[in-house]
Each structure stands twice: as C-alpha cells, then as structure tokens.
Amino acid sequence: MTATTAPAPTVVNGIAQERRLVTAIPGPRSVELAARKAEAVAPAVGTTMPVYAEQAGGGVIVDVDGNHLVDLGSGIAVTTVGVSDARVVAAVQAQVAAFTHTCFMVTPYEGYVAVAEKLNALAPGDFAKRSALFNSGAEAVENAVKISRAYTGRSAVVVFDHAYHGRTNLTMAMTAKNMPYKHGFGPFAGEVYRAPLSYPYRDGGLSGADAAAQTISMIEAQVGAGNVACVVIEPIQGEGGFIEPAEGFLPAIQAWCRAHGVVFVADEVQTGFARTGDLFASNHEGLEPDLLVTAKGIAGGLPLSAVTGRAEIMDASHAGGLGGTYGGNPLACAAALAVIDAIESDDLVGRAKEIEALLGGRLRELAARDSRIGQVRGRGAMIAVELVKAGTTEPDAALAKAVAAAAHAQGVVVLTCGTYGNVLRFLPPLAISDALLEDAFSVLEQAFAGA
Ligand SMILES: *Cc1c(COP(=O)(O)O)cnc(C)c1O
C-alpha cells in the first residue's frame, strides 16, 4: 500500500478528519485551563495556541471543548507519522507492560541496540557507524560536540547565522537568536563561533560556492582551521526560518571539513525522518555527515534523540563518557522502531513530496498574486513563506502574527519562525489527508485576504 493509491481515511483514532468548530477559539474549558496555567506554570513557558488538547489522530487535534483543529505543526515536526499512530501506540503499550525503565547503562535491553542498528543503516554514508541515544535534540547536539572534541583534541565549534540548536547552556551559545532564546540567560559556553550562512533571499542570490568561500575565509581568518573540532549546520534551518542554502553551499562546507580534519555535523533534529521528502535532508545533495543528530520526528512524540556517526569518531570517547539516566528509554525505542517501519511501509518520503506539490503549489499561486509573500521555500512537508512589506524585502513580523492568529481562530494550527519573526511555517503530519490540507490552505488564503 502506498500513499499515492491509498484512500485517505475519514476517521483516525476515532476522530473525524475534518475541521469543525463548536465554540469560539478558545472555548470555555480552554479558558478555564488557561487561568489554571497562569497560576501554576512558569509564564516563561509560552503556548502558541489558546486551546488545550484532549485527543488527536491523523491530521486533527480535538480540544477540550470539542473543536476539531487541523494540525499544520506536528508538535513542531515531531508527529511526522501522525499523532497517536496505531502502530506506535501498540508498540509503546507492549513495552510499557513489559518494563518502563531499567537504564541502558545498568541493565541494557534490545530496543536500544535495535534503534542504533536502524540508525546506522539508514544514516547517509556507506561506512561503519555507531549511535548513542539521548532524550532531547539539545542533549544530542551537546553530545555531538563532546564526541567531536574528544576525537579531534580541538575545542572550537563553528555554527551559522540564524541557527537554532536548543536551549541548554552550550546550545544557547550555538543558537543565533537573542529573543526569546538567550536574552538574560548568559554567560554562554565559550569557543562557539558564528559564520555567515547562504541565505539566497537575503544575500543577493550569492551562489552556493561563493557563499561557502566567504564562510570558509571567515572561519580560517577568525578561528583557524586547526582549532576547529566541528562545524554544526542544519541542512535546512528550522527555527531560523526554513532557510535552504544555495545549491553547492553544504557540499563545499563538508569538503572543507574533510580537508582540515574537522568533524562535519548535520543537525537534522527538525529535518530528519522523511520530513523534507528525503529520509534525511542531507540526502538531497548527497552529503555524508560525519555525525548526524536526530530527534523530533524519530519516535512519534516519545522523547528520544540520537547521534549517529563514523565508527572511528564515535569510538574516540572513553567508556562511560556518554550516556544519561533516561537516554534511549525503552518506551521511546519501541516507538522509534514502529515509526521507522511506518515510514518505510507507508512510503512517507513519497507522501512528503506529494505534500510539497500540493501545499507548496498552492502557496506559490498565492505568492504570485500577493507581493507580501516574499518567498515560498522548503522541501517536502517542511514549507514556509517569508513575509515582507509589499514591494520590498523588509520583514513583516506583524503580518505573520496576524495571519497566524486568524488561522488559529479558524481552527488551523500554524507556527511562525525566523530571525525576524516574519516566517509562517508549515509542518503537517505526513498522515494528513489532501482534503485537510486544501481546507487549511483556504483558511490561510482568507487570513491573508483579511490581514
Ligand atoms: C528543536 C531543535 C533542536 C532542539 O531540540 P529539543 O528537543 O527541543 O532540545 C535542535 N536543533 C534543531 C534543528 C531543532 O529544530
């Protein structure tokens, strides 16, 4: 059964696959819960939507007031196979009944090893690999840095403009954007250097090769190749605004790393696991990262992350140097194995390409008649529009906010991103139907018309 021929189910997990509003957004139960949140939860933990979830399935989230919302966010690119996919639920239920935790570092179990085997087989590059499992994307990025430093005996970490790598101390240093991620939370970890990124919409359309030459000359002049442990890059940036570097940029950076003994780390926390219409975004230009960092889409919502890389690099850290109490938790490993099976058996890579054609196509048509849409970009089911003041390239964050708010009020979950806050991003679950996508697009179209 492939996604192209399968009829889209109209009910998933008991939930009708349609947008249906039965109260105002937010409804009374959500308003009550928001009041309790305001009392009980640290206000720095924000929420995008004003409604509280009760149940979800396929491409629909049902809130506590019975509203059916179309999900174009996947909990930030996590529920790629669909939220509460039956195979993932069954795998987790079987594991939770067997045991919940023993700690892999104390009494190991097969699920962890099986996930590592799968990752080693699936990650790009025909060379011996090993994996280590963690809980969050940030934790895996930190471990990729540890592994790179242990292997090279060097300390410098090179990251890019607009990068997002997490919220822990080291990953805050690696993340570019001050507000809200870093403001007031310093001092940050040292030996992190920021280099320019190829950003075709805003760098005058520099070729990938020219942009890479600029970046490399900055690294050589300001850091020194011999000091660099690793270069860490998102093949398509996530929070930074779904920026796709010009063709040739990433291969040139990888080649420079190879030539100078620098570990090339791909942060595929957001782009991995079929999201971009490839199993990994690195596949698009034939990259073979020395270390591949994955998380988000890996386990259908269970907390899991991984570093997968060349055996000789992974083997350089001393025994006991990597790990953590919960890393590779058995429930998360069971979920990941089910997710990887689902990606293969449902051809979700193909489905992501279909979503690109449908949603990307609609957005391009809209951009052609609305000059406030400066660019439509992204690949697969990772698509964004960068919004500007009409006829300029001046970022328009207020418009992004207004369109998102109008979509939310009509029951469509969309997210914003970008250094300038002017990017609307779409990350639907790959289990979403074409009908839901068309409906969500019509809501967006109206939101643009009204903004
Ligand atoms: C979300 C994200 C992270 C951080 O992952 P957490 O699980 O939130 O710690 C790191 N890198 C990228 C590219 C991300 O999108």
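The values are calculated or read from the model by the stated rules, or taken from the named source; none is laboratory data. Keep in mind the model is a prediction, meaning the values are calculated, not measured. With ideal geometry, Cβ positions are generated from the backbone for all residues, glycine too; neighbour counts draw on all protein chains shown.
Just one of the numbered conditions (1) part of a strand (DSSP E or B); (2) of a type outside the set (S, T, Y); (3) over 25 Å from Q375 (Cα atoms) is not true of A266: (3).
A213 falls short of the stated requirement of being under 25 Å from the mean Cα position of the chain (by Cα) and either among the small types (G, A, S) or at negative phi (or both).
Just one of the numbered conditions (1) within 22 Å of the chain's Cα centre (by Cα); (2) away from the ligand (no atom under 16 Å from the Cβ); (3) over 27 Å from L415 (Cβ atoms) is not true of A98: (1). Here T47, T23, T79 are screened, and the one residue that is among the hydroxyl-bearing types (S, T, Y), part of a loop (DSSP other than H, G, I, E, B) and surrounded by fewer than 13 Cβ atoms within 10 Å (Cβ to Cβ) is T47. So which of R149, R167 is within 13 Å of the ligand (Cβ to nearest atom), surrounded by fewer than 24 Cβ atoms within 10 Å (Cβ to Cβ) and not β-branched (V, I, T)? Going through R149, R167 in turn, the sole match is R167.
Test A140 against the stated conditions and say whether it is touching a Phe, Trp or Tyr at 6+ places or on another chain (Cβ under 7 Å), within 26 Å of I298 (Cα to Cα) and within 15 Å of the ligand (Cβ to nearest atom). Criteria met by A140.
Restricted to the range 279-303, and to residues that are within 15 Å of the ligand (Cβ to nearest atom) and of a type in the set (G, A, S), which residue is farthest from V83 (Cα to Cα)? Checked the range 279-303; the qualifying residue farthest from V83 (Cα to Cα) is S282. The number of residues in the range 281-304 being touching a Pro at 6+ places or on another chain (Cβ under 6 Å) and buried (at least 24 other Cβ atoms within 10 Å of the Cβ) comes to 2.
Yes/no per residue for (1) within 16 Å of the ligand (Cβ to nearest atom); (2) modelled with pLDDT of 95 or more; (3) surrounded by fewer than 17 Cβ atoms within 10 Å (Cβ to Cβ):
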site: G186; (1), (2), (3): no, yes, yes
site: G204; (1), (2), (3): no, no, yes
site: A209; (1), (2), (3): no, yes, yes
site: N227; (1), (2), (3): no, yes, yes
site: P245; (1), (2), (3): yes, yes, no
site: F273; (1), (2), (3): yes, yes, no
site: G277; (1), (2), (3): no, yes, no
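Here K129 clears all of (1) in contact with a Gly (Cβ under 8 Å, 6 or more places away or on another chain); (2) in contact (Cβ under 8 Å) with a residue 24 or more places away in the chain; (3) within 14 Å of the ligand (Cβ to nearest atom) except the condition numbered (3). Evaluated against (1) within 12 Å of the ligand (Cβ to nearest atom); (2) crowded, with 19+ Cβ neighbours inside 10 Å; (3) among the charged types (D, E, K, R), R154 falls short on exactly one condition, (1).
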